[in-house]
Structure formats: structure tokens, C-alpha cells
Amino acid sequence: MSTIPPTANRPAKPQASATLPHDRVAELSHDFRLANARLTRRLRQQRANDELTAGQFSALCTLFSDGPLTLSELSEHERVTPPSMNRTVNALVEAELVQRENAANDGRKVMLAPSAAGNALVRETRERRDAWIAQRVMKLSPEQQQVLAEATLIMKELADS
């Protein structure tokens with residue numbers, strides 16, 4: 001597959017009425033997916049703790065953002081089975097990154113929340129990743145930075161669709 005032409009060769013905003021032919025959409029989709037996967041791999045390398053699996057770190061980040069959650073809520077959010085999430089949580093508890101607590105309104109319900117160490121790990125990783133990508137964005141031309149800002153909005157739309 002050929003690559004997408006450089007940003008400078010494309011208009012800043014394509015006409016809404018202009019649509020790409022099906023084969024060009026397929027090529028664009030392929031190239032976009034590969035570029036996104038490569039960028040994701042590069043960003044994953046910026047974790048503050050490389051001993052956690054991607055799934056463990058994802059669960060920890062979910063608890064950081066949305067927690068405290070029950071095991072069922074966490075497994076649903078992460079789209080894995082409860083038994084699989086239980087193994088993930090057990091590893092995070094053993095690493096002292098997540099803690100189990102009884103729910104305030106129902107003592108039978110167990111809530112999962114990141115520990116202080118878990119919160120610190122997520123914050124440090126986010127700072128590393130943001131710094132890594134910011135260094136690269138700063139090397140782009142102002143025009144490329146503007147295109148990236150617009151593309152970011154489009155990527156958010158795609159992710160939320």
C-alpha cells in the first residue's frame with residue numbers, strides 16, 4: 001500500500017461534499033490503523049513501570065479515572081470476563097497498586113480503588129507520555145500542528161462512534 005501524501009500536499013480542510021473513492025478510503029484506513037498502532041506502541045514504552053502487562057495498566061488507569069469500581073464494573077469497562085479481571089486485580093493488589101475496600105453503603109460489596117502507589121504510577125506514566133509526544137509535536141511546523149489539532153478532534157469522533 002502506498003502511504004498518505006505529506007500533510008503539506010493536502011488541503012487544510014477537505015470539502016464536505018468531496019468523498020474519496022472506496023479503494024482510497026480502504027488505503028487511508030489501513031495506513032491510519034498502522035500509524036496509530038505504531039504510535040500506541042511507542043507511547044506504551046513510556047510507562048513508569050514496565051513490569052505490568054498492558055491489561056493490568058489499563059485496569060489501573062480505569063480505576064484511577066473512574067474508580068472505585070466493583071470487579072464486575074471494571075471487567076465490563078475493560079471488556080474482559082470477570083474471572084480474567086479477577087486475575088488482573090489480584091496481580092495489582094499483590095503489587096500494592098490497587099486495594100480492595102468494602103462499599104460504604106453495602107458491606108457485602110467489594111470496591112476496587114488505586115492505592116497511593118497506583119495513583120502515583122499512573123500520574124508519572126501520563127507525564128512521561130505527554131512529555132514524549134510534546135517533544136515531537138514541538139518539532140512540527142505550525143501548519144502540521146494545526147492539522148494535528150484538527151485530526152485529534154476527528155480521532156476523538158472515531159473513537160466515540
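The values are calculated or read from the model by the stated rules, or taken from the named source; none is laboratory data. These numbers come from a predicted model, not from an experiment. Here Cβ is always computed from backbone atoms with ideal geometry, including for glycine, and neighbour counts include all displayed protein chains.
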Task: T88 being surrounded by 11 or more Cβ atoms within 10 Å (Cβ to Cβ), among the β-branched types (V, I, T) and in contact (Cβ under 8 Å) with a residue 40 or more places away in the chain - done: no
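Could we say that R47 is of a type in the set (K, R), at pLDDT 90 or above and either surrounded by 10 or more Cβ atoms within 10 Å (Cβ to Cβ) or not assigned by TED's automatic domain parsing to the domain that holds D130 (or both) here? Walk me through it before giving the result.
Working: of a type in the set (K, R): yes; at pLDDT 90 or above: no; either surrounded by 10 or more Cβ atoms within 10 Å (Cβ to Cβ) or not assigned by TED's automatic domain parsing to the domain that holds D130 (or both): yes.
So R47 fails the test.
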Task: Qualifying position, being within 20 Å of M155 (Cβ to Cβ), touching a helix residue (DSSP H, G or I) at 6+ places or on another chain (Cβ under 6 Å) and in the same structural domain as T152 (by TED's automatic domain parsing), among R38, R129 - done: R129
Open item on the list: Exactly one of these conditions fails for G118: (1) surrounded by 12 or more Cβ atoms within 10 Å (Cβ to Cβ); (2) part of a strand (DSSP E or B). Give me its number.
Closed with: (2)
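Could you please find all residues in the stretch 127-161 being under 15 Å from R42 (Cβ atoms) and outside any helix (DSSP H, G or I)? Don't jump to the end; show me each part of the working.
Just the residues of the stretch 127-161 that are under 15 Å from R42 (Cβ atoms), to begin with: 128-137, 139.
Within the stretch 127-161, K139 is the sole residue that qualifies.
Restricting to the stretch 16-35, name every residue that is in a loop (DSSP other than H, G, I, E, B) and not small (G, A, S). Break it down into steps so the answer makes sense when it comes.
Pass one, the stretch 16-35, residues in a loop (DSSP other than H, G, I, E, B): 16-21.
Scanning the stretch 16-35 gives T19, L20, P21.
Conditions tested, residue by residue: (1) closer than 22 Å to D50 by Cα; (2) in contact with a Leu (Cβ under 8 Å, 6 or more places away or on another chain); (3) in contact (Cβ under 8 Å) with a residue 24 or more places away in the chain; (4) basic (K, R).
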{"residue": "P82", "(1), (2), (3), (4)": "no, yes, no, no"}
{"residue": "V98", "(1), (2), (3), (4)": "yes, yes, yes, no"}
{"residue": "T125", "(1), (2), (3), (4)": "yes, no, yes, no"}
{"residue": "Q135", "(1), (2), (3), (4)": "yes, no, no, no"}
{"residue": "E143", "(1), (2), (3), (4)": "no, no, yes, no"}
Task: Flag for E96 being at positive phi and not assigned by TED's automatic domain parsing to the domain that holds N36 - done: yes
